[in-house]
1. Answer yes if at least one residue in region 128-151 is among the aromatic types (Phe, Trp, Tyr), closer than 23 Å to residue 32 by Cα, crowded, with 18+ Cβ neighbours inside 10 Å and out of contact with any Phe, Trp or Tyr (no Cβ under 8 Å at 6 or more places or on another chain), and no otherwise.
2. Could you please give the count of residues in region 27-39 that are more than 13 Å from residue 134 (Cβ to Cβ) and either in contact (Cβ under 8 Å) with a residue 60 or more places away in the chain or not in a strand (DSSP E or B) (or both)?
3. Quick check: anything in region 40-50 touching a Cys at 6+ places or on another chain (Cβ under 6 Å), polar (S, T, N, Q), surrounded by 15 or more Cβ atoms within 10 Å (Cβ to Cβ) and in a strand (DSSP E or B)?
4. Looking for something out of contact with any strand residue (DSSP E or B) (no Cβ under 8 Å at 6 or more places or on another chain), farther than 21 Å from residue 144 by Cα and modelled with pLDDT of 95 or more - is there at least one such residue anywhere in region 11-29?
5. Which number in (1) surrounded by 16 or more Cβ atoms within 10 Å (Cβ to Cβ); (2) farther than 22 Å from residue 160 by Cα; (3) without any contact (Cβ under 8 Å) to a residue 12 or more places away in the chain; (4) not charged (D, E, K, R) marks the one condition that residue 59 misses?
6. Please specify each residue of region 1-31 satisfying the condition of being of a type in the set (Gly, Ala, Ser) and either closer than 17 Å to residue 46 by Cβ or within 17 Å of the chain's Cα centre (by Cα) (or both).
7. Scan (1) modelled with pLDDT of 95 or more; (2) surrounded by 20 or more Cβ atoms within 10 Å (Cβ to Cβ) for the single condition residue 114 breaks and write down its number.
8. List the pairs whose first member sits in region 153-166 and is more than 8 Å from residue 69 (Cβ to Cβ), whose second member is among the acidic types (Asp, Glu), and whose Cβ atoms are under 7 Å apart, counting only residues at least 6 apart or on separate chains?
Amino acid sequence: MNEVEFMNEPAPLAGSKLELGDKAAVCTLAAPDLSEIRVGKSERVQIIMSTPSLDIPGCADELRKFDQLTAGLRNTEAIVVSMDLPFAAEKFRAANGIKNLRFASDFRAKDFARSYGMLIGGGALARLCAKALFIIDSLGVTVYKQVVSEVQSEPDFEAMMDLARIISRNSCSN
């Protein structure tokens, strides 16, 4: 998918096009406490949800659902990537009862958005992340990718969870 829509207006995606089976780019993002979070390579499986902003309508409900669905997965970390400032992510987490998700901000260099092909290149949401789900296995390989065509729509969490449950069952605990 080379574009997404926001309120029925096309928005082109910029950056590399990460495909299934590709090695995921390793990107360093900012955690809410300004420490670093690496995505793309970990000893654990990483389930990554990118979203333009934590403030878009419906985001709180989606992330509470994502938090609950991924909570019981072994050897897995669930990470939310947005362009929001790290401080806003911590406020959002606390205000919405999110317990299991890690929040990462790509506000500094937009490396994640560019490397994963999720940088919105024009329109009202230019320079933000498109909404998408990725699963990166413990070898750094992209085993699942879902780009949400309309930014305000919810991802298909069940399709992602079907694969995540299998990977979780078959992975070694650290």
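The values are calculated or read from the model by the stated rules, or taken from the named source; none is laboratory data. Fair warning: this is a prediction, and the values are worked out from it, not measured in the lab. Neighbour counts are summed over all protein chains in view; Cβ atoms, including those assigned to glycine, are modelled from backbone coordinates with ideal geometry.
1. Within region 128-151, none of the residues are among the aromatic types (Phe, Trp, Tyr), closer than 23 Å to residue 32 by Cα, crowded, with 18+ Cβ neighbours inside 10 Å and out of contact with any Phe, Trp or Tyr (no Cβ under 8 Å at 6 or more places or on another chain).
2. Total satisfying the criteria: 9.
3. Yes; the residues of region 40-50 include at least one that is touching a Cys at 6+ places or on another chain (Cβ under 6 Å), polar (S, T, N, Q), surrounded by 15 or more Cβ atoms within 10 Å (Cβ to Cβ) and in a strand (DSSP E or B).
4. Looking through region 11-29, none of the residues is out of contact with any strand residue (DSSP E or B) (no Cβ under 8 Å at 6 or more places or on another chain), farther than 21 Å from residue 144 by Cα and modelled with pLDDT of 95 or more.
5. Only one criterion is unmet by residue 59, namely (2).
6. Those that are of a type in the set (Gly, Ala, Ser) and either closer than 17 Å to residue 46 by Cβ or within 17 Å of the chain's Cα centre (by Cα) (or both): 14, 15, 16, 21, 24, 25, 30, 31.
7. The single condition residue 114 does not satisfy is (2).
8. 154/62
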